[in-house]
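Report on one structure; see the data block that follows.
The values are calculated or read from the model by the stated rules, or taken from the named source; none is laboratory data. The structure presented is a predicted model; accordingly, all values stated were derived computationally and were not measured. Note that we place each Cβ from the backbone using ideal geometry, even for glycine, and neighbour counts take in every protein chain shown. Surface areas here come from the heavy atoms of the whole protein model, side chains and all, with no ligands, DNA or RNA. Shrake-Rupley method; radii C 1.70, N 1.55, O 1.52, S 1.80 Å.
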Amino acid sequence: MTHALSVTGAALSSLLSAGTAVEGHRPWPRRRIGEPEWRGAAMRLGAGEFTLLAMWGDAAAVHMALLDDVRAEVAVLSLDCPDRRYPSIGVTHPPAIRLERAIKDLCGFEAVGAPDDRPWLDHGRWGVRAPLGERVPSTDAAGAYRFLAVEGEGLHQIPVGPVHAGIIEPGHFRFTANGEAVVRLEERLGYAHKGIESLLAGASIPQAARLSGHVSGDSTVAYSLAFGRAVEAALGWEVPARAAWLRGLLAELERMANHIGDIGAICNDASFTILHANCAMLRERILRANLACFGHRLLMDRVVPGGVAADLRAEGVRTITELVGLLRVRFNELVEVYDNSPSMLERAVGTGILRADLARQFGCGGFVGRASMRGFDVRKALPYPPYSDLRFDMPVLNSGDVNARVWVRVKEVLESLKLVEQMIAGMPEGAIHAPMPPAPSECAEGAALVEGFRGDVFAWVRIGADLTVERCHLRDPSWFQWPLLEAAVEGNIVADFPLCNKSFNCSYSGHDL
C-alpha cells in the first residue's frame, strides 16, 4: 500500500506567488523570496504539507528544494543572506537540522533559532572555515565534540568507531545503554569529507561529471545520471532515445548488484554465512557482466552528460539475457532459503523498527522508506526516460523492521529483472550521445532527481557562460536516513546494531561530500 502526505494547505505552487522568479532555471521553478515567506515555508514543512528534498548554501543565499508528494510538484526557494544569517528551518522541521549544520560549516551562514548549532562536517582540520563562503583561515585543532547528554540510573556509554573492525568507511557511533538495551544512539559523521562541492566549483562539465560519479562508488550510475540530467536541463541538451534506455539498463544493473550484496551482508551480520557467500557470488556475476558489456565492473563514467560512453553490442545482449536467466533461478532459491530459516527470521523480524510517521516526516526514500509505508519512488512519482515507457511495481511494506527492508530489496531485484528484460526487448536504435549545445548567453541552472538503489539522489547545478560549473550541490538519500537509524536502534540490544545498520546501509562518502 502507498501512503501520500495529507494535504493540509494549498499546493506548492502557492509558495511561488511571492518573490521573484529566476529565469533560466529548469525543469522546475526557482523563486527568490523574503524572510516571511521563508518562515511560512518552514511552518508548512513542519505541518507535513511538503517534503524537504535538499537544502544548501551559495555565495550569498540559501536554497531549499521542496516536493509536493500529492501533486508531484517540485520547486526551489531561495533567500538572500546579506548578513550571512537566515531563519532556521530545523526549528520547526527536524530533517533540516543536519543540513543547516552543514551549510554553516561549508558556507558560514548561521541558521537563527536553530536547535543544534554544533559543527557537522567540519572537524576543525581543514585549515579554513566556510570553504564555500568567506573561506576564513583557521588553525583550530579538533576539539572535543559535544555529544548530547543522557541522564539516568544504570546508564553507560559505548563508543564505536570512527575506525571499524571491517573494511568500511569511517563513522563514529556513541551508544548510551542500560545493560544491553540501547537508550540512545548518536552519530558523528564527516570523516569521509572530500571537499566535493569545492572541487566542482570552476570545473569543466566533463571534469564535474567525473567528480559527481565518484561521490559514492556504489551509486556511481545514480550520481552520474542526476548530475547529467541537471546539466541537460540547464542547457536544454536533448539525450538520444537509445542513450536514455541504456542509462536505465545501467541503473537497474547497479540496483540489483547492490541489493543482492546487501541481502547477503545482512545475513552475514546474523551469522548466516552461507547466504552471504551465495549472494556475493551472484553480485560478482553482475559485476563481471558489467565489465564485459560496458567496460567497468561498477559502471563508473559510463553515464555522461548528453548520453552514455559505451554502447551495448549483440554479444552484450546475450550476456545480459543469460545473466537474467541465471538470477531468476539462483536468486529465488536463495530467497526461499532465507524465508525458511527460523534462526535468521528470529533476528530480522521485529528488529530495528522505523515508524512510518518518521519515514514520512524525513522524506525517507528508497527501500528504507518503502519498508515503512512511504511509497515514493522517483521512477514512478516523477518519471524520466525510459521509465515512463516501462511497467513495474513499487513494493511497499508496513512493518518497518530489518525483515521488511530485506523483502523490499528482494522485490525490487525481481522488478529490476522485469525492467531489464523490457529494456533489452525494446531498446531503440540510434546514437548514444548528443553533442553539447552552444554555451548560454548567461548562467543557466538545472536540477534533477533520480532513483538510486538507496533512494532519491538530488542534483542542482549552475553553469556559466563559459560552460564551467559555477556551483553544484549533490544530495545523497543518506542525509535523511542516517538520523532515522538512530531512532530505529533505540530499544534494541547493542548486539543487533550491526544488523540494523546494514539493513539501512547508509552511505558515509555520499553524505560527507
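Of the residues Ile286, Ile266, only one is aliphatic (A, V, I, L, M), under 25 Å from Arg391 (Cβ atoms) and either at pLDDT 95 or above or under 22 Å from the mean Cα position of the chain (by Cα) (or both); which? Even if it seems obvious, please write down each step before you answer.
Working: Ile266 fails: under 25 Å from Arg391 (Cβ atoms).
Unique residue meeting the criteria: Ile286.
Kindly indicate which of Ala447, Ala459 is over 20 Å from Ile266 (Cβ atoms), of a type in the set (A, V, I, L, M) and touching a Cys at 6+ places or on another chain (Cβ under 9 Å). Let's see the steps before the verdict.
Values: Ala447 fails: touching a Cys at 6+ places or on another chain (Cβ under 9 Å).
Result: Ala459 is the single residue among Ala447, Ala459 that is over 20 Å from Ile266 (Cβ atoms), of a type in the set (A, V, I, L, M) and touching a Cys at 6+ places or on another chain (Cβ under 9 Å).
Tally the residues that are in a helix (DSSP H, G or I) and open to solvent by 30 Å² or more (accessible area, probe 1.4 Å), restricting the search to the stretch 84-97. Full working, then the answer.
If we filter the stretch 84-97 for residues that are in a helix (DSSP H, G or I), which is where we start, we get 94-97.
Add one more test, that the residue is open to solvent by 30 Å² or more (accessible area, probe 1.4 Å), and what stays is 94, 97.
Result for the stretch 84-97: 2.
Looking at Gln207 and the list (1) surrounded by fewer than 16 Cβ atoms within 10 Å (Cβ to Cβ); (2) of a type outside the set (Gly, Ala, Ser); (3) in contact with a strand residue (DSSP E or B) (Cβ under 7 Å, 6 or more places away or on another chain), which single condition is not satisfied?
Just one mismatch for Gln207, condition (3).
Within the stretch 300-309, track down each residue that is open to solvent by 20 Å² or more (accessible area, probe 1.4 Å) and farther than 16 Å from Asn258 by Cα. Can you show your working first?
Just the residues of the stretch 300-309 that are open to solvent by 20 Å² or more (accessible area, probe 1.4 Å), to begin with: 300-302, 304, 309.
Result: Asp301, Arg302, Val304, Ala309.
Got a number for residues in the stretch 207-243 being in contact with a helix residue (DSSP H, G or I) (Cβ under 8 Å, 6 or more places away or on another chain), in contact (Cβ under 8 Å) with a residue 60 or more places away in the chain, hydrophobic (A, V, I, L, M, F, W, C) and part of a helix (DSSP H, G or I)?
As a first pass, look at the stretch 207-243 and keep what is in contact with a helix residue (DSSP H, G or I) (Cβ under 8 Å, 6 or more places away or on another chain): 208-209, 211-228, 231, 237-239.
Narrowing the set further to residues that are in contact (Cβ under 8 Å) with a residue 60 or more places away in the chain leaves 208-209, 212-228, 231, 237-239.
Among the residues that remain, those that are also hydrophobic (A, V, I, L, M, F, W, C) are: 208-209, 215, 221-222, 225-227, 231, 237, 239.
Within this subset, residues satisfying the condition of being part of a helix (DSSP H, G or I) are 208-209, 221-222, 225-227, 231.
Counting residues in the stretch 207-243 that are in contact with a helix residue (DSSP H, G or I) (Cβ under 8 Å, 6 or more places away or on another chain), in contact (Cβ under 8 Å) with a residue 60 or more places away in the chain, hydrophobic (A, V, I, L, M, F, W, C) and part of a helix (DSSP H, G or I) gives 8.
Just to be sure, is Ala177 open to solvent by less than 40 Å² (accessible area, probe 1.4 Å), out of contact with any Lys or Arg (no Cβ under 6 Å at 6 or more places or on another chain) and either more than 30 Å from Pro305 (Cα to Cα) or in a helix (DSSP H, G or I) (or both)? Spell out the reasoning first.
Working: open to solvent by less than 40 Å² (accessible area, probe 1.4 Å): yes; out of contact with any Lys or Arg (no Cβ under 6 Å at 6 or more places or on another chain): yes; either more than 30 Å from Pro305 (Cα to Cα) or in a helix (DSSP H, G or I) (or both): yes.
Judged against the criteria, Ala177 is a match.
Condition first: crowded, with 17+ Cβ neighbours inside 10 Å and in a loop (DSSP other than H, G, I, E, B). Now tell me which residues in the stretch 376-390 satisfy that. Show your work before the answer.
Looking only at the stretch 376-390, we keep the residues that are crowded, with 17+ Cβ neighbours inside 10 Å, and these are 376-379, 381-382, 384, 386-387, 390.
The answer is Phe376, Asp377, Leu382, Tyr384, Pro386, Leu390.
Sort through Asp357, Asp393 and tell me the only one that's touching a helix residue (DSSP H, G or I) at 6+ places or on another chain (Cβ under 7 Å) and either part of a helix (DSSP H, G or I) or open to solvent by 10 Å² or more (accessible area, probe 1.4 Å) (or both). Lay out the reasoning, then the answer.
Details: Asp357 fails: touching a helix residue (DSSP H, G or I) at 6+ places or on another chain (Cβ under 7 Å).
Being touching a helix residue (DSSP H, G or I) at 6+ places or on another chain (Cβ under 7 Å) and either part of a helix (DSSP H, G or I) or open to solvent by 10 Å² or more (accessible area, probe 1.4 Å) (or both) holds for just one of Asp357, Asp393, which is Asp393.
Scan the stretch 182-192 residue by residue and report those that are over 24 Å from Asp122 (Cα atoms) and open to solvent by less than 40 Å² (accessible area, probe 1.4 Å). Outline the logic, then answer.
Let us first name the residues in the stretch 182-192 that are over 24 Å from Asp122 (Cα atoms), namely 182-183.
Within the stretch 182-192, Val182 is the sole residue that qualifies.
Restricting to the stretch 221-243, what's the tally of residues that are buried (at least 24 other Cβ atoms within 10 Å of the Cβ) and under 17 Å from Val378 (Cα atoms)?
Looking only at that region, the number is 10.
Taking the conditions exactly as written (over 29 Å from Met64 (Cα atoms) and in contact (Cβ under 8 Å) with a residue 40 or more places away in the chain), does Phe109 satisfy them or not? Give the derivation first.
Details: over 29 Å from Met64 (Cα atoms): no; in contact (Cβ under 8 Å) with a residue 40 or more places away in the chain: yes.
The answer is no for Phe109.
Kindly indicate the residue of the stretch 411-440 that is out of contact with any helix residue (DSSP H, G or I) (no Cβ under 8 Å at 6 or more places or on another chain) and exposed (fewer than 15 other Cβ atoms within 10 Å of the Cβ) and also nearest to Ala465 (Cα to Cα) among those meeting that condition.
By that ranking, first place goes to Ala439.
Can Arg283 be described as crowded, with 22+ Cβ neighbours inside 10 Å and in contact (Cβ under 8 Å) with a residue 12 or more places away in the chain? Give the steps one after another, and end with the answer.
Details: crowded, with 22+ Cβ neighbours inside 10 Å: no; in contact (Cβ under 8 Å) with a residue 12 or more places away in the chain: yes.
No, not satisfied.
List the number of the failed condition for Thr468; all other conditions in (1) modelled with pLDDT of 95 or more; (2) farther than 20 Å from Ala265 by Cα; (3) under 21 Å from the mean Cα position of the chain (by Cα) hold.
Condition (3) is where Thr468 drops out.
Do we find that Arg297 is part of a loop (DSSP other than H, G, I, E, B), within 29 Å of Trp407 (Cα to Cα) and open to solvent by 70 Å² or more (accessible area, probe 1.4 Å) in this structure?
Details: part of a loop (DSSP other than H, G, I, E, B): yes; within 29 Å of Trp407 (Cα to Cα): yes; open to solvent by 70 Å² or more (accessible area, probe 1.4 Å): yes.
Judged against the criteria, Arg297 is a match.
Quick check: is even one residue across the stretch 331-338 within 28 Å of Ala434 (Cα to Cα) and open to solvent by less than 50 Å² (accessible area, probe 1.4 Å)? Let's see the steps before the verdict.
First, pick out the residues of the stretch 331-338 that are within 28 Å of Ala434 (Cα to Cα): none.
No; the residues of the stretch 331-338 include none that is within 28 Å of Ala434 (Cα to Cα) and open to solvent by less than 50 Å² (accessible area, probe 1.4 Å).
Scan the stretch 161-174 residue by residue and report those that are open to solvent by 50 Å² or more (accessible area, probe 1.4 Å) and either in contact (Cβ under 8 Å) with a residue 60 or more places away in the chain or under 24 Å from the mean Cα position of the chain (by Cα) (or both). Please lay out each step first, then the result.
Keep residues of the stretch 161-174 that are open to solvent by 50 Å² or more (accessible area, probe 1.4 Å), which gives 163, 165, 167-169, 174.
Val163, Ile167, Ile168, Glu169, Arg174, listed by residue number.
Out of Glu134, Glu151, I need the residue that is modelled with pLDDT under 90, over 23 Å from Arg174 (Cβ atoms) and either open to solvent by 80 Å² or more (accessible area, probe 1.4 Å) or not in a loop (DSSP other than H, G, I, E, B) (or both). Which one? Lay out the reasoning, then the answer.
Details: Glu151 fails: over 23 Å from Arg174 (Cβ atoms).
Every option except Glu134 fails the conditions.
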